[in-house]
There are 2 protein chains.
Amino acid sequence: MTLKELGTPAALVDLDTLERNCVRMNERARRLGVTLRPHVKTHKCVEIARIQTRGHSGALTVSTMAEARAFAAAGFNDLTYAVPVPFHAIPEAADLLARGTRLNLLLDSEGALRELEAAGSARGLRFPVFLKVDCGYHRAGVDPEREESVGLARALAASLHLEFRGILTHSGQAYRCAGAEEALAVAEHERAVMAAFAEKLRSAGVRVPEVSAGSTPACCAARDWSGVTEIRPGNYAFFDAFQAAVGSCALEDALAFTVLATVIGHYPERGALLLDAGALALSKDPGATHVDARCGLGVLCDEPGRPIPGTRLTSLSQEHGRVAVSDPSLFARMPLGSKVRIIPNHSCLAAACFGSYVVLKDGRADGKWDTVGRR
Amino acid sequence: MTLKELGTPAALVDLDTLERNCVRMNERARRLGVTLRPHVKTHKCVEIARIQTRGHSGALTVSTMAEARAFAAAGFNDLTYAVPVPFHAIPEAADLLARGTRLNLLLDSEGALRELEAAGSARGLRFPVFLKVDCGYHRAGVDPEREESVGLARALAASLHLEFRGILTHSGQAYRCAGAEEALAVAEHERAVMAAFAEKLRSAGVRVPEVSAGSTPACCAARDWSGVTEIRPGNYAFFDAFQAAVGSCALEDALAFTVLATVIGHYPERGALLLDAGALALSKDPGATHVDARCGLGVLCDEPGRPIPGTRLTSLSQEHGRVAVSDPSLFARMPLGSKVRIIPNHSCLAAACFGSYVVLKDGRADGKWDTVGRR
């Protein structure tokens, strides 16, 4: 089937680009001596997780219990749930663990430690846990500079109902970078913070099996992961306009995931055209406005995936996307009813708008992959 | 079941508030002598559409063909697909029409007229169509001041393969208002533009059966719909923080739809706490920043639905919501593992994150309603 024949909006996955992105990150991890534990929240798709884990242990990272259930059901039995564990999720986590899925949980507080210990004691289980560390993003995690953080790690390691897996961080601050040089500095800071904290814990007599780090920008920029044992990027499978803007990838790498849309309105008198892809196909993620305040809500491309200069996706309502057109000849290039492709600002959020992907091979639709674990 | 027992994030629909919102809009329409054709894109839920259409023709508005299919299957057989029709949707629209669903389509161009005529001719069908008019939002629609717009209406009315249903607009510019007074002015402008254009068409010999208008802010503010025959608000069933900010409703009316979340992190050293509701539970809609630049990404409430002063939802990542807390005593009020409710900035986009609603009756979970027509 050609793109012309598809209904829109549709989520397109270009197989060759996806595979290239996955191979490159695998090679990067191998070169720098770390294990890759890909985050599947970006795509929520079993087939893509299989591509990410070729020649690989199969360990994955998830962001919800629904993802954990779905990927466990698909045979992935070593998962890290990379959000401080919500207490209501503990019984279900215990069930997965009891059925043979190693589901690593995160915590960063005494309160969560007590809650997990009580559940482990009641169920006769030892929950594998990571201590979440704040390396500068300030979203979650303990401060590695505080003495209490060492005390919490010691309590985890000493617990009869927990298996202390190590320390884990996420350098989300790398998304504030303006290019690969800055992302390299973030990655190096993240590495140094985690390596130093692991050493501090070891000096205090705490065994630290794993030191887990990484965001996609940091993982694309890093040249050294000494002291780190695993990285958990996710977005790299698809990339997006944001990642291209902050230097994680070339824009063409972000063609791994695009949204196919139809031109449904021409308004040359106000230099605008209208697409049938809105906030429920692209999300309202504003993109890398710190790099380019006028980046718009995605990058408009033609069917083969070439960006169309002179266009800007200016606003999205639920099912409409408005495009400002600076060159009147573009209306003839994009007639009513024709198809365009959009590289979204944030592929994780755009992909979550869809229950399935159309798989592209050599520019033709060549299959369909469902997503799993949607709310 | 109490809210404490629910998994999170969860989409809550408070039945009493929903019904009150629906009754009020029905009464408003009746008082002003217009038909109400509710937009179901906000909730995508058959049970809610039934509440909206009590004592009513059952006519609805939809925003996608998937919604059209789903609501037609549920017995709603008079639908308006309120987006300029994408050409690839025409065969399916023809199928629905042939099976007895009146599916009104929108167009605003000669190109779409030709495309629909060709399809109607090939299938032996007459598509019911509205001419989409721009009343100042500048998203879609013909300019009612231009002579070509009269010509297009005349061509629609004369077509053998189209049934001209009338003219239709959407005053989306009402979302830029800072209060009910301004929304009233938008509604009055919308009414005047549409009434005048209908008269102009009638003077030109074109029969105009319907004059369709309305956004939720305009419909909440309007005092007169003379010359208009139907209104199509949708958001009013749920409302949200944005609608409260622009004066469409009281904040308590927006408790019709809330997102239940769990407190998963306490960071008093930086005045922050963390929720397990992120962009895939609330959307990244920035809210009514033109009214309050610091409105945040939703309004944090306690379990009964009372806003919690001193909190601000500062940022959302995929599955994390960060809350700035200005009063240290609030940590004790929201302990780890406790539940909060969030009034989202934009209920249409937040609701679309979920496949079902938990129905609340007197503060307790009392059933589950599925959504339909998701991608």
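Is it true that A:Ala118 is surrounded by fewer than 21 Cβ atoms within 10 Å (Cβ to Cβ), within 14 Å of chain B (Cβ to nearest Cβ) and either out of contact with any Pro (no Cβ under 9 Å at 6 or more places or on another chain) or not charged (D, E, K, R) (or both)?
yes
Of the conditions (1) touching a helix residue (DSSP H, G or I) at 6+ places or on another chain (Cβ under 8 Å); (2) within 14 Å of another protein chain (Cβ to nearest Cβ); (3) of a type outside the set (S, T, N, Q), B:Arg223 fails just one. Which one is it?
(2)
Take the residues in region B:327-354 that are in contact with a strand residue (DSSP E or B) (Cβ under 8 Å, 6 or more places away or on another chain), closer than 22 Å to A:His138 by Cα and part of a helix (DSSP H, G or I); name whichever of them is nearest to the other protein chains (Cβ to nearest Cβ).
Taking the candidates together, the pick is B:Phe331.
Do we have any residue at all in region A:51-59 that's modelled with pLDDT of 95 or more and closer than 25 Å to A:Ala153 by Cα?
yes
Mind listing whichever residues of region A:221-256 are of a type in the set (Asp, Glu) and under 21 Å from A:Arg294 (Cβ atoms)?
Across region A:221-256, the qualifying residue is only A:Asp240.
Of all residues in region A:19-43, count the ones that are in contact with a strand residue (DSSP E or B) (Cβ under 9 Å, 6 or more places away or on another chain) and not hydroxyl-bearing (Ser, Thr, Tyr).
Of the residues in that region, 14 qualify.
With the requirement that a residue be within 12 Å of another protein chain (Cβ to nearest Cβ), buried (at least 19 other Cβ atoms within 10 Å of the Cβ), of a type outside the set (A, V, I, L, M) and not in a helix (DSSP H, G or I), what does region A:140-166 give you?
Scanning region A:140-166 gives a single hit, A:Gly141.
Just checking, does region B:222-238 include any residue being free of Cβ contacts under 8 Å to residues at least 60 places away in the same chain and buried (at least 23 other Cβ atoms within 10 Å of the Cβ)?
Scanning region B:222-238, I find no residue that is free of Cβ contacts under 8 Å to residues at least 60 places away in the same chain and buried (at least 23 other Cβ atoms within 10 Å of the Cβ), so the answer is no.
Please go through region B:106-138 and give me each residue that is over 23 Å from B:Val228 (Cα atoms), among the basic types (Lys, Arg) and out of contact with any helix residue (DSSP H, G or I) (no Cβ under 8 Å at 6 or more places or on another chain), ordered by number.
Within region B:106-138, B:Arg114 is the sole residue that qualifies.
Could you grab the pairs with beta carbons closer than 6 Å, sequence gap of 6+ or different chains, first residue in region A:245-274 and part of a strand (DSSP E or B), second one among the acidic types (Asp, Glu) and crowded, with 18+ Cβ neighbours inside 10 Å?
Once the first residue is part of a strand (DSSP E or B) and sits in region A:245-274, its partners that are among the acidic types (Asp, Glu) and crowded, with 18+ Cβ neighbours inside 10 Å give A:Ala261/A:Asp276; A:Thr262/A:Asp276; A:Ile264/A:Asp276.
Could you count how many residues in region B:48-100 are touching an Asp or Glu at 6+ places or on another chain (Cβ under 8 Å) and polar (S, T, N, Q)?
Of the residues in that region, 3 qualify.
Is it the case, given these coordinates, that B:Ala281 is crowded, with 22+ Cβ neighbours inside 10 Å and facing chain A (nearest Cβ under 10 Å)?
Yes.
Every residue in region B:64-94 that is away from chain A (no Cβ under 13 Å) and either farther than 24 Å from A:Val263 by Cβ or surrounded by fewer than 23 Cβ atoms within 10 Å (Cβ to Cβ) (or both), please.
Passing the criteria: B:Ala70, B:Phe71, B:Ala72, B:Ala73, B:Ala74, B:Gly75, B:Phe76, B:Asn77, B:Asp78, B:Ala94.
Could you tell me which of the residues A:Gly271, A:Gly321, A:Gly265, A:Gly373 is in contact with a strand residue (DSSP E or B) (Cβ under 7 Å, 6 or more places away or on another chain), small (Gly, Ala, Ser) and surrounded by fewer than 22 Cβ atoms within 10 Å (Cβ to Cβ)?
None of the other options fit; the residue is A:Gly271.
Taking only pairs six or more apart or across chains, which ones have beta-carbon atoms under 6 Å, a first residue in region A:351-370 that is touching a residue at least 40 places away in the same chain (Cβ under 8 Å) and assigned by TED's automatic domain parsing to the domain that holds A:Leu280, and a second residue that is among the acidic types (Asp, Glu) and part of a strand (DSSP E or B)?
Going by the 6 Å Cβ cut-off, the qualifying pairs are A:Ser356/A:Asp370; A:Val359/A:Asp366; A:Leu360/A:Asp14.
Please state which one of B:Ala365, B:Ala324 is more than 10 Å from chain A (Cβ to nearest Cβ) and closer than 22 Å to B:Asp285 by Cβ.
B:Ala324
The values are calculated or read from the model by the stated rules, or taken from the named source; none is laboratory data. Keep in mind it's a predicted model, so treat the numbers as computed, not measured. For neighbour counting, all protein chains shown are included, and Cβ atoms are generated from backbone atoms with ideal geometry for every residue, glycine included.
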